[in-house]
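Working notes for the structure below.
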Amino acid sequence: MRRLRTPNRALRALLAEAGWSGARLAREVNSLGAAQGFTLTYDRTTVSHWLSGTRPRPPAPELAAQVLSARIGRRVRAVDAGLAQAGVRVPGESGAELLDAALKRAGRWDVYAPGEPGDGGSGPTPFSYAPDGVRVGMAHVESARQLLAALSRSDDVFGSGAVREPLGRFLGAVVLPWLRAAVPPGVRRELFEVAAQLAYLCGFVAFDGGRHALAQRMYGAAARLAEEAGDRAGRAVALRGLSVQAHQLGYAARARDLAEEAARVGVRYAPSRQHAFFLGQLAVAQAASGDPGYLVRLAQAERCLERAGGAGELPVGAFHPGALALQQAYVHRARGDHRATVRALETSLRHRPPDERRSTAITLADLALTHLGVGHLDRACAAAHTFLDLHPAVTSARVDTRLHTLLAGLRPHGRDRAARGVLERARETRAR
């Protein structure tokens with residue numbers, strides 16, 4: 001006899017709590033999936049199958065959990081919704097397998113994807129940097145660290161477009177074979193730790209380039225590689241990256257949950273000079289979700305940065321007063337305090353190192369948009385011109401999105417001389 005499936009009462013209860021029909025859940029999942037780079041066509045019938053006990057394949061369980069969390073206002077996991085089974089090992093769970101899968105699905109990113117032609121990879125199979133009989137040693141790990149530092153600096157200066165191809169090729173053609181090679185026990189931890197940092201940088205590069213599905217997969221690979229290295233602080237860094245991404249995509253509750261977990265682990269296991277990095281993001285996420293704890297977290301972040309001597313070195317980049325001031329600005333913006341937002345953005349610009357061009361451009365655009373939002377047109381145009389000074393030298397979807405938003409806000413003021421000057425200069429820049 002055919003075994004009958006058990007109806008999914010947990011999902012039915014969550015739909016009732018959310019006040020949603022099955023069709024509405026399907027639409028929300030499709031919409032979130034599209035924002036993260038998936039093409040999904042779920043409908044009322046699909047959700048009916050879920051309610052009858054069918055468990056969908058990824059990414060549906062996690063997407064459904066995220067949209068239900070946002071609707072209900074508390075964290076809902078895929079297992080809570082009856083869409084995943086607790087304690088079941090997910091195929092491709094190792095860090096190397098997750099990294100391999102992420103690279104294969106990189107799509108139009110011109111990066112190496114391992115495998116034979118026709119197996120779903122997006123590129124040719126290169127020669128292996130760790131053939132049989134060759135043992136990976138600390139010299140290999142140090143070479144990876146050096147390249148990580150160079151690519152991270154280049155990303156800060158020029159944006160994600162400058163590093164995404166060499167970073168992806170290095171991960172696929174070099175690091176992935178190393179992870180699968182015979183590695184002495186004393187080297188393994190160091191190798192997996194730097195591989196996690198490279199995967200995190202690749203996730204951030206994807207996030208900066210607007211490739212949100214790829215960013216999520218890379219952050220997941222980074223978290224798993226850090227776990228396998230016993231690097232709890234590295235896992236916290238990856239969770240923080242996911243929190244930043246969720247915040248930008250508008251999933252406040254999810255961003256808060258991820259930031260809380262990242263801060264809980266990071267403050268316990270990361271060096272004290274890095275604690276502000278985690279606490280500042282937690283303050284941003286709490287403010288966006290209406291959690292009053294953001295004031296305490298922001299004060300803690302400030303004290304941690306002071307104790308660290310004004311800067312906290314990270315495996316990828318650094319956290320300094322300019323970065324914290326930008327997070328303060330986002331907290332003030334969530335509270336609706338425009339004056340405090342402007343002050344914090346101006347403070348961020350004063351403390352931002354000159355080689356962090358992308359972050360400077362983003363801050364300038366945010367300053368111009370904040371001035372524009374309260375009717376300070378001349379100040380908005382002044383900040384916009386400084387932003388346009390940097391824009392041609394930075395390849396970043398986040399920067400481009402802010403440019404489009406800024407120009408759209410200035411067009412209704414096209415008769416004003418200052419606004420017209422910004423619009424004309426932007427057209428000339430695009431033409432060049």
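Once ligands and nucleic acids are excluded and a 1.4 Å probe is used, how much of residue 289 is accessible, expressed in Å² to the nearest 10?
For residue 289, solvent-accessible area is about 40 Å².
Provide the FRET efficiency to the nearest 0.05 for the residue 431-residue 306 pair, computing r from the beta carbons and using R0 = 45 Å.
0.45
Of the candidates 273, 256, 303, which one comes out as most mobile in a Gaussian network treatment of the chain with C-alpha springs shorter than 10 Å?
Of 273, 256, 303, the Gaussian network model singles out 303 as fluctuating most.
Determine, at each q value in 0.09, 0.13 (inverse angstroms), the log₁₀ of I(q)/I(0) that the Debye formula gives when each Cα of the chain is one equal point scatterer.
Those come out to -0.63, -1.25, one per q.
So, for the chain, what is the accessible surface per residue at a probe of 1.4 Å, expressed in square angstrom?
47 Å²
Rank 244, 385, 323 by how far each Cα sits towards the positive end of the charge dipole of the chain (+1 on Lys, Arg Cβ; -1 on Asp, Glu Cβ) and give me just the farthest.
The residue sitting most towards the positive pole is 244.
For residue 98, what accessible surface area do you get with a 1.4 Å probe? Give it in Å², rounded to 10.
60 Å²
Evaluate E = 1/(1 + (r/R0)^6) for residue 40 and residue 94, where r is the Cβ-Cβ distance and R0 equals 35 Å; express this FRET efficiency to the nearest 0.05.
Calculated transfer efficiency: 0.85.
Step through the residues of the range 396-413 one at a time and calculate ³J(HN,Hα) from phi using the Karplus curve (6.51 cos²θ - 1.76 cosθ + 1.60, θ = phi - 60°), rounding each to whole Hz and writing x for Gly and Pro.
The phi angles translate into 7, 5, 5, 5, 4, 4, 5, 4, 4, 5, 5, 5, 4, x, 8, 4, x, 9 Hz.
Considering the zone a paramagnetic label at residue 269 would reach in this model (a point 7 Å from Cα along the Cα-to-Cβ line), which residues of the range 212-235 have amide N under 16 Å from it?
Correct set: 220-235.
With θ set to phi - 60°, apply the Karplus curve 6.51 cos²θ - 1.76 cosθ + 1.60 along the range 227-233 and write out the HN-Hα couplings as whole Hz, x wherever there is a Gly or Pro.
Whole-Hz 3J(HN,Hα) from phi for the range 227-233: 4, 5, 8, x, 9, 5, 5.
Could you give the nm distance between label points at residue 401 and residue 31, where each point is 7 Å from its Cα heading toward the beta carbon?
1.6 nm
Leaving out ligands, DNA and RNA, and with a 1.4 Å probe, what % of the accessible surface on the range 253-354 is carbon or sulfur?
Carbon and sulfur together cover 49 percent of it.
Would you mind calculating the relative contact order of the chain from Cα pairs under 8 angstrom and at least 6 residues apart, reporting the percent as a whole number?
So the answer I get is 11 percent.
What FRET efficiency comes out for residue 313 versus residue 189 if R0 is 22 angstrom and r is the Cβ-Cβ distance? Round to the nearest 0.05.
0.65
Hey, if we sort 341, 360 by accessible area with the 1.4 Å probe, largest down, what's the order?
Descending order: 360, 341.
When the chain is fully extended, how far beyond the present Cα-Cα distance does residue 338 get from residue 249, taking 0.36 nm per residue of separation?
Contour length minus Cα-Cα distance gives 29.9 nm.
If DNA, RNA and ligands are ignored and the probe is 1.4 Å, what is the ranking of 350, 335 by accessible area, most exposed first?
350, 335
Using a probe of 1.4 angstrom, how much of the accessible area of the range 365-417 is carbon and sulfur, in percent?
Taking all protein chains in place, the range 365-417 shows 51 percent carbon and sulfur surface.
Using a cut-off of 9 Å between beta-carbons, work out the net charge of the residues near residue 256 (Lys and Arg +1, Asp and Glu -1, residue 256 not included).
-1
Keeping all protein chains in position, work out how much accessible area residue 188 exposes to a 1.4 Å probe, and write it in Å² to the nearest 10.
Counting only protein heavy atoms, the figure is 100 Å².
Can you give the log10 of the normalised intensity I(q)/I(0) at q = 0.11, 0.23, 0.24, 0.26 Å⁻¹, computed with Debye over equal Cα scatterers of the range 352-432?
-0.24, -1.06, -1.15, -1.32
Cα convex hull of the range 252-312: how many Å³ per residue?
59 Å³
Can you give the relative contact order of the range 173-228 as a percent, counting alpha carbon pairs under 8 Å and 6+ residues apart?
36 percent
Is the shape of the range 296-399 best called rounded, prolate or oblate, per the rule: a/c under 1.5 gives rounded, else a/b larger than b/c gives prolate, else oblate, with a ≥ b ≥ c the square roots of the Cα gyration tensor eigenvalues?
Oblate.
Run the quick spin-label model on residue 299 and residue 411: label points 7 Å from Cα toward the beta carbon, then report their separation in nm to one decimal.
4.6 nm
Looking only at 338, 275, 413, which one moves most when the chain is put into a Gaussian network model with springs between Cα atoms under 10 Å?
413
Residue separation times 0.36 nm, minus the C-alpha to C-alpha distance between residue 420 and residue 55: what's the value?
125.9 nm
Report the gain in length on full extension from residue 355 to residue 16: 0.36 nm times residue separation, minus Cα-Cα distance, nm rounded to one decimal.
That pair, residue 355 and residue 16, stretches by 116.9 nm at full extension.
Report, in deg cm²/dmol and to the nearest 500, the calculated mean residue ellipticity at 222 nm for the chain, where each DSSP H run with n ≥ 4 adds -39500 (n - 2.57) and the sum is divided by the residue count.
Only helices count here, giving -21000 deg cm²/dmol.
With Cβ to Cβ distances under 11 Å as the rule, what net charge do the other residues near residue 23 carry (K, R +1; D, E -1)?
+1
The values are calculated or read from the model by the stated rules, or taken from the named source; none is laboratory data. Since this is a predicted model, take the numbers as computed values, not measurements. So basically every Cβ, Gly included, is an ideal-geometry build from the backbone, and we count neighbours across all protein chains shown. All accessible areas refer to the heavy atoms of the entire protein, side chains included, with ligands and DNA or RNA removed. Shrake-Rupley method; radii C 1.70, N 1.55, O 1.52, S 1.80 Å.
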